[in-house]
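Derivation of every value follows stated rules applied to the coordinates shown; laboratory data play no part. Since this is a predicted model, take the numbers as computed values, not measurements. Reconstructed Cβ throughout: ideal geometry from the backbone, glycine too, with neighbour counts over all protein chains shown.
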Amino acid sequence: MPNLKLSDITLHYEIEGSGPPIILIAGMLSDSASWGPLIAPLAENHTVIRPDNRTTGRTVPSTAPTSPEQNAADILALMDHRNLAHAHIIGHSMGGYIAAELAILAPDRIQSLTLLCSAPMNLSRSWHLFQNFCDIRASGPEGLWLRSLFPWLFHHSFFDTPEQVEGAVVASLAYPHAQSLSAMQHQLDALKRYRPLDLTRRITAPTLALLAQNDLIVPHDEALDLLQEIRQVRIEIIAQAGHSIHWDASAAVLTHLAPFLKEHTYAN
C-alpha cells in the first residue's frame, strides 16, 4: 500500500497504469475509491494517482487539520515524492476546490486542470444540507443518511431500479475504509470556513469544466459565470447526469476528457 509520511499525516494513495500522470482528487465524503468508472479507461494510457484526502480513506489521522489549501499542499508533496515535474489534475466537487488551489499553488506543475461538477463558490445551502446528513447519521437508523444523500448525488434514472439503489447502500455500508461520522463532521466544519476569493481569475492552466445538467448541489447555471472567469476554459454541460457525473455519465465524461488530456500532454 503506497503511503507518504508528511509532518502531520500519513497520506495514502493508489496508483495504476503507465504514461503521462493524472491525479484524481475526490469530492466531499469520498476517497480514492470514488473514481471507479474512470480508473481503468484512464489507466490505459496514463499513470493514474488517487490520493485519499485528509479525513478520508486510509489517510491518517482522520481528524488532522484540513482545508482545500492543505490538501493541495499534500498533493504537491506527493508529486515531489513521485518525482513528477508535471501532472494533469482532475477534481470532482470539493476535489475541484483542491485542484484549483493546487493550480494556484504550483501553476508551472499543472499540465491541465479538469473540474467535474465543481466551481469554487461557498454556498450556505450546501453546508446546511451536509450538516443535515451528519445529523441524520448521528441519530437515524443505519443507512438512512445514505438514502437521504443519494437523491442529491445521482440522476433520477438511478432510482428507476430499486435493487440498484439498495445495492449502493449496502456496498457503501460494507466499504472498509468509509469515512467515520467524526471525520465527516470535521471535514464539513473546515469547509464551512473556506473562502475561495477570486480563485478562478488566478487560474492560468488550460481548464476543462464538465457540469451536469441535473446537478442539485452545483447547479450549472450558477457555476457558469464563475467558471467563465478562468482565462483558458472550455465548459461542457453533460445531459442526463447529476452531481456524481462520473458515475451517471462516465462515457460522456471520457468523450470530452480524453481528447483534452491528449491535447495538453507534453513531455515531463
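From least to most packed, judged by other beta carbons within 10 angstrom and beginning with the fewest, Leu144, Leu11 follow the order Leu144, Leu11.
Residues His86, His156, His81, ranked from the fewest to the most other C-beta atoms within 10 Å, line up as His156, His81, His86. When a/c is below 1.5 the answer is rounded, else prolate if a/b is larger than b/c, else oblate, so apply that to the stretch 147-254 with a ≥ b ≥ c taken from the square roots of the Cα gyration tensor eigenvalues. Oblate, since a/c reaches 1.5 and b/c is not below a/b. Between Ser30, Ser126, Ser112, the Gaussian network model of the chain with springs among Cα atoms under 10 angstrom shows the greatest mean-square fluctuation at Ser126.
For the chain, the square roots of the Cα gyration tensor eigenvalues, ordered a ≥ b ≥ c, give a/c below 1.5, which places it in the rounded category. Loop-located GluC sites (Glu not before Pro) across the stretch 7-80 with a Cβ neighbour count of 14 or fewer within 10 Å are Glu44, with loop assigned by DSSP.
What is the extension gain from Ala40 to His256, computed as 0.36 nm multiplied by their sequence separation minus the C-alpha to C-alpha distance, in nm to one decimal?
76.1 nm
Spin-label pair Ser18-Asn3: with each label point 7 Å from Cα along the Cα-Cβ axis, the two points sit 2.8 nm from one another. Remark: the chain carries a charge dipole of roughly 520 debye about the Cα centre, counting +1 on each Lys and Arg Cβ and -1 on each Asp and Glu Cβ.
What are the trypsin sites (Lys or Arg not before Pro) within the stretch 180-268 that DSSP puts in a loop, where the Cβ has at most 13 other Cβ atoms within 10 Å? Counting only loop positions with at most 13 other Cβ atoms within 10 Å, the trypsin sites (Lys or Arg not before Pro) in the stretch 180-268 are Arg193, Arg231. Counting 0.36 nm for each residue step from His81 to Lys192 and taking away their Cα separation leaves a gain of 36.9 nm.
Positive-end ranking of Ser172, Leu197, Phe133 along the dipole of the stretch 112-238, with charges on Cβ about the Cα centre, is headed by Leu197. Using the Cβ-Cβ distance between Leu224 and Trp127 with R0 = 30 Å, the FRET efficiency computed as 1/(1 + (r/R0)^6) comes to roughly 0.85.
Per-residue Cβ neighbour counts within 10 Å put His128, His256, His220, His155 in the sequence His128, His256, His220, His155, beginning with the fewest. Name the shape class, rounded, prolate or oblate, that the alpha-carbon gyration tensor gives for the stretch 32-108, where a ≥ b ≥ c are the square roots of its eigenvalues, rounded holds for a/c under 1.5, and otherwise prolate holds if a/b is larger than b/c and oblate otherwise. Oblate, since a/c reaches 1.5 and b/c is not below a/b.
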